[in-house]
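Following: one structure in structure tokens, then a few remarks.
The values are calculated or read from the model by the stated rules, or taken from the named source; none is laboratory data. For clarity, every value in this text was computed on a predicted model and none was experimentally measured. Ideal geometry is used to build each Cβ from the backbone, glycine not excepted, and the neighbour counts take in all protein chains shown. Just so you know, the surface numbers come from the protein's heavy atoms only, side chains and all, with ligands and any DNA or RNA stripped out. Shrake-Rupley method; radii C 1.70, N 1.55, O 1.52, S 1.80 Å.
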Amino acid sequence: PVCWNKMKNKRMNPPQIIMFLFMVVLLIAAVAVDISMVSIVNDALIKWAMNGIIVLSLIPMINVGAGRNFGMSIGLSAGLWGMIFALNYRLTSWTGFLVSIAVGCVVAVVFGYLYAKILNHLKLNEEIVGTFAGYSFIPIMNLFYTFVPVTNRQMLYPIGGQGLRPKVNLDTYFAKILDNLWQVKIGEIVIPVGLFLCFMGMGVLLWLFSKTRTGMIFSSIAENEKFVQLSGINVNRYRTIGIVMSTVIAAIGVVVYSQSYGILHLYDGPFMMSFPAISAIVIGGATQNKAAVKNVMIGTFLYQTTYLLSIPVANALLIPEMAELSRTIVTSGIILYAFIFERKDARYEKNQK
């Protein structure tokens, strides 16, 4: 029955249930070992927002039928280009932050267009191709970081003066510029309003975009590409728009992430950032061809909060390495779940129709 299907769709999916139960267990353990909940809440709010824009970047590609963006490191690298440009000219405060985003977006448009050309030639294999494209792009960027002509000595290796450092401190540039903007304190809990507004604002823009004609065409392509093509719509053009959008948002996301982190992380920094982001949106309830802003909000909060709790609990009860091991196991397991069970769900929905 239709009513039963609607109720079923509103229930939590298995990844959400697993992460929620895991988070509850960690909360109980944290209270048992007397871990400060105030610091956990403060860190959870920042982690949620600083990672949220990176997860939001997955929405356009998923909704246009180009799969989950395992090649996200291409967009992240574009954002790193923007920050390298700003830091090289010693731009600080809002100037450095906004120039990083502007230059990163310009580079992301170029990278995204080339990435879209590859994916449009290899349809139905976007996730596999994206994984290899993202992995192969990292060594190319590592060569760029080694030979880029940067004049700011703070960014270069102290010995030899050739090649960018793996990590560049942003404290003297624009570290935590959003985190410290319009902070609201409720007792000992600090709410980073500026960071939240950036995250929520990007989410609102994507939600509004989904209501436009282009956004609706995105959903139609993901649902039935052949029908849309027969309707006279240039499918590849809209797929290119979606892929470029995802690349640009990822570039913005890494700048926001870096200012919260306080460090510009180069070389293999963006290597594994796509997997936690994809796990988060799957936890939130996104499928292979449909994702919404609410999926990002729910999934990112559950994933990041669970990981944040696992670190002090593992340090207190087990060994420090267990936190990273548990995150890797959960991340890989959720992605594996998405690959295995989404096909069964798709066949079920097809039979219902």
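Once the Kirkwood radius over Cα pairs is known for the stretch 11-65, the Stokes-Einstein relation at 37 °C and 0.692 mPa s delivers a diffusion coefficient of 241 µm²/s. For the stretch 59-67, 3J(HN,Hα) computed residue by residue from phi via the Karplus equation (6.51, -1.76, 1.60; θ = phi - 60°) reads 4, x, 5, 5, 6, 8, x, 9, x Hz, glycine and proline entered as x. The label point for ALA32 and the one for TRP207, both projected 7 Å from the Cα toward the Cβ, are 3.9 nm apart. Report P(r) for the stretch 175-305: all Cα-Cα distances, bin width 10 Å, range 0 to the bin holding the largest distance, values in whole percent. That works out to 10, 33, 34, 16, 5, 1, in percent per bin. Per-residue Karplus couplings for the stretch 40-55, computed as 6.51 cos²θ - 1.76 cosθ + 1.60 with θ equal to phi - 60°, are listed in order as 5, 5, 4, 5, 5, 5, 5, 4, 4, 6, 5, 8, x, 5, 4, 5 Hz, Gly and Pro entered as x.
Pairs over the 18 Å Cα-Cα cut-off, from the set LYS176/LYS294; LYS117/LYS211; LYS211/LYS290: LYS176/LYS294; LYS117/LYS211. Computed extension length for LEU317-PHE271: 13.6 nm, one decimal, from 0.36 nm per residue of separation with the Cα-Cα distance subtracted. Near the amide H of ILE263, within less than 5 Å, lie the amide hydrogens of LEU170, all on another chain or at least 5 residues away, with H placed in the peptide plane.
What the phi angles of the stretch 219-225 give under the Karplus curve with 6.51, -1.76 and 1.60, with θ = phi - 60°, is a coupling list of 5, 5, 5, 5, 6, 7, 5 Hz, glycine and proline written as x.
First compute the accessible area of the chain with a 1.4 Å probe, then give the percent of it belonging to carbon and sulfur atoms.
Working: 11910 of 17660 Å².
That fraction is 67 percent.
Using Cβ point charges alone (K and R +1, D and E -1), the dipole size of the chain about the Cα centre works out to roughly 1120 debye. Between MET216 and TRP182, the C-beta separation translates, for a Förster distance of 35 Å, into a calculated FRET efficiency of about 0.50.
With all protein chains kept in place, the per residue accessible area of the chain amounts to 50 square angstrom at a probe of 1.4 angstrom. Hey, if you put +1 on the Cβ of every Lys and Arg and -1 on every Asp and Glu Cβ in the chain, which of GLY79, SER93, LEU181 ends up farthest toward the positive end of that dipole? Going by the Cα projections, it comes out as GLY79.
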